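Working notes, beginning with the structure itself.
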Amino acid sequence: MNLQSTTTLNNGVEMPLLGLGVYAPRHNNEVQQAVEWALEAGCRLIDTASIYGNEREVADAMAASGLPRQELFITTKVWNDDEGYDTTLTAFDKSLEKLKTDYVDLYLIHWPIREKRLDTWRALETLYADKRVRAIGVSNYYQPHLDELFTIASVTPAVNQFEFSPYCNPADVVAYCREKGIQPEGYAPLVRGEKSNDPRLVTLAEKYGKSTYQILVKWSLQQGVVTIPKSVKKERIQENFAVFDFAISDEDMADMNTWHDNTRVAWNPLDF
Ligand SMILES: NC(=O)C1=CN([C@@H]2O[C@H](COP(=O)(O)OP(=O)(O)OC[C@H]3O[C@@H](n4cnc5c(N)ncnc54)[C@H](O)[C@@H]3O)[C@@H](O)[C@H]2O)C=CC1
Ligand SMILES: O=CCc1c[nH]c2ccccc12
């Protein structure tokens with residue numbers, strides 16, 4: 001496995017396993033530079049969203065990189081206020097305009113807004129049928145949201161993105177996604193640095209000669225879960241991607257799988 005390693009989605013599209021998240025730097029003008037550094041380091045997956053307000057910066061970095069569009073994998077998301085059928089189609093057009101591209105690789109429903117999420121999904125299916133997105137998916141969907149979606153969906157979501165770290169490890173959601181052919185993707189894999197002093201994590205970092213951040217990234221990757229650590233600092237971006245020269249033992253992976261303590265940086269999907 002290396003930075004170019006991909007997973008094959010349920011419609012045959014190849015998605016990189018490791019990418020850069022771009023929510024939410026203090027200043028969005030840091031995003032263009034961060035994406036450029038990530039692309040230079042070999043990263044090809046960028047995770048943005050309309051609510052992050054930085055799709056234009058992502059577009060500028062894509063252009064500055066000189067990389068062919070088809071080598072990049074760009075995810076964006078429809079935000080809560082835009083959910084609904086027509087509003088989602090309009091929001092998608094705005095995202096495309098900001099991203100200065102004529103297609104998105106993966107378009108996600110950002111949160112499952114109760115009254116609107118089925119109409120929002122129908123809009124995503126329209127965009128997919130019209131070949132304006134290569135894959136469609138959801139974010140922050142747990143089993144009840146997926147089960148509801150399956151009652152109307154003509155297309156199975158290709159990806160479900162949700163909070164995923166050893167400290168927020170909804171293993172039942174991962175298992176359910178796999179059963180249904182949905183690729184799990186984890187956000188906040190670094191718990192925004194909140195756990196970097198956890199003695200158990202520090203011990204593993206020392207054992208493997210890696211940083212605590214690299215241990216967290218590797219824990220996701222070794223399970224085949226796509227992961228999108230965020231940083232806008234060059235050294236940290238490079239550090240977070242330098243995780244292909246070691247492996248966490250099965251025993252240590254099993255131990256990390258007992259650390260779940262419901263630590264969340266975002267809302268609980270079951271509240272939606
Ligand atoms: N679908 C959704 O609802 C959500 C999606 N996301 C996506 O996931 C991405 C990652 O999640 P985040 O919330 O950004 O949290 P994260 O867990 O990736 O943490 C990022 C923070 O960790 C610290 N950090 C990163 N690398 C470091 C290093 N090598 N050394 C020291 N500190 C380091 C920095 O403070 C940085 O701001 C987001 O940028 C976004 O793209 C995030 C939250 C919700
Ligand atoms: O992707 C980040 C999701 C998120 C969760 N809460 C908020 C509030 C405002 C913007 C984005 C988000």
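The values are calculated or read from the model by the stated rules, or taken from the named source; none is laboratory data. Values in this document were obtained by computation on a predicted structure and should not be read as measured data. Heads up, the Cβs are rebuilt from the backbone with ideal geometry, glycines too, and the neighbour counts pull from every protein chain shown. Please note that ligands, DNA and RNA were not included when accessible areas were found on the heavy atoms of the full protein model with its side chains. Shrake-Rupley method; radii C 1.70, N 1.55, O 1.52, S 1.80 Å.
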Within the stretch 122-139, the count of residues that are under 11 Å from Val78 (Cα atoms) and either open to solvent by 40 Å² or more (accessible area, probe 1.4 Å) or out of contact with any Pro (no Cβ under 8 Å at 6 or more places or on another chain) (or both) comes to 3
Can we say Arg56 is open to solvent by 10 Å² or more (accessible area, probe 1.4 Å), closer than 18 Å to Val232 by Cβ, modelled with pLDDT of 95 or more and of a type in the set (Lys, Arg)? yes
Does Arg26 satisfy being more than 16 Å from ligand 2 (Cβ to nearest atom), without any contact (Cβ under 8 Å) to a residue 60 or more places away in the chain and out of contact with any His (no Cβ under 6 Å at 6 or more places or on another chain)? no
The condition of being in contact with a Cys (Cβ under 8 Å, 6 or more places away or on another chain), of a type outside the set (A, V, I, L, M, F, W, C) and without any contact (Cβ under 8 Å) to a residue 60 or more places away in the chain holds, among Pro199, Pro189, Pro184, only for Pro184
Any residue in the stretch 202-219 that is open to solvent by less than 30 Å² (accessible area, probe 1.4 Å) and of a type in the set (Phe, Trp, Tyr) sitting within a Cβ distance under 6 Å of a residue that is in a helix (DSSP H, G or I) and more than 16 Å from ligand 2 (Cβ to nearest atom)? List the pairs, counting only those 6 or more apart or interchain. Trp219/Met256
Does the stretch 26-54 hold any residues that are hydroxyl-bearing (Ser, Thr, Tyr) and either assigned to a loop (DSSP other than H, G, I, E, B) or touching a Pro at 6+ places or on another chain (Cβ under 8 Å) (or both), and which are they? Thr48
Residue tally, condition of a type in the set (S, T, N, Q), touching a residue at least 12 places away in the same chain (Cβ under 8 Å) and closer than 14 Å to Val104 by Cβ, over the stretch 51-82: 2
Please pick out the residue among Thr263, Thr258 that is open to solvent by 20 Å² or more (accessible area, probe 1.4 Å), in contact with a strand residue (DSSP E or B) (Cβ under 8 Å, 6 or more places away or on another chain) and not charged (D, E, K, R). Thr263
Conditions (1) among the hydroxyl-bearing types (Ser, Thr, Tyr); (2) over 19 Å from Gln32 (Cα atoms); (3) within 16 Å of ligand 2 (Cβ to nearest atom) -> Ser211 fails only (3)
Which pairs have Cβ atoms under 6 Å, sit 6 or more apart or on different chains, and link a residue in the stretch 110-129 that is in contact (Cβ under 8 Å) with a residue 60 or more places away in the chain to one that is part of a helix (DSSP H, G or I)? Trp111/Asn80; Pro112/His145; Ile113/Asn80
If we keep only residues of the stretch 136-160 that are in contact with a Phe, Trp or Tyr (Cβ under 6 Å, 6 or more places away or on another chain) and within 22 Å of Thr48 (Cβ to Cβ), then the residue nearest to ligand 1 (Cβ to nearest atom) is Asn140
Can you tell which of Tyr107, Tyr142, Tyr85 is aromatic (Phe, Trp, Tyr), touching a residue at least 24 places away in the same chain (Cβ under 8 Å) and open to solvent by 30 Å² or more (accessible area, probe 1.4 Å)? Tyr85
Could you list, in sequence order, the residues of the stretch 194-216 that are closer than 19 Å to Phe244 by Cα, more than 21 Å from the chain's Cα centre (by Cα) and of a type in the set (Ser, Thr, Tyr)? Tyr208, Ser211
Among the residues of the stretch 63-75, are any within 14 Å of ligand 2 (Cβ to nearest atom) and either part of a strand (DSSP E or B) or open to solvent by 10 Å² or more (accessible area, probe 1.4 Å) (or both)? yes
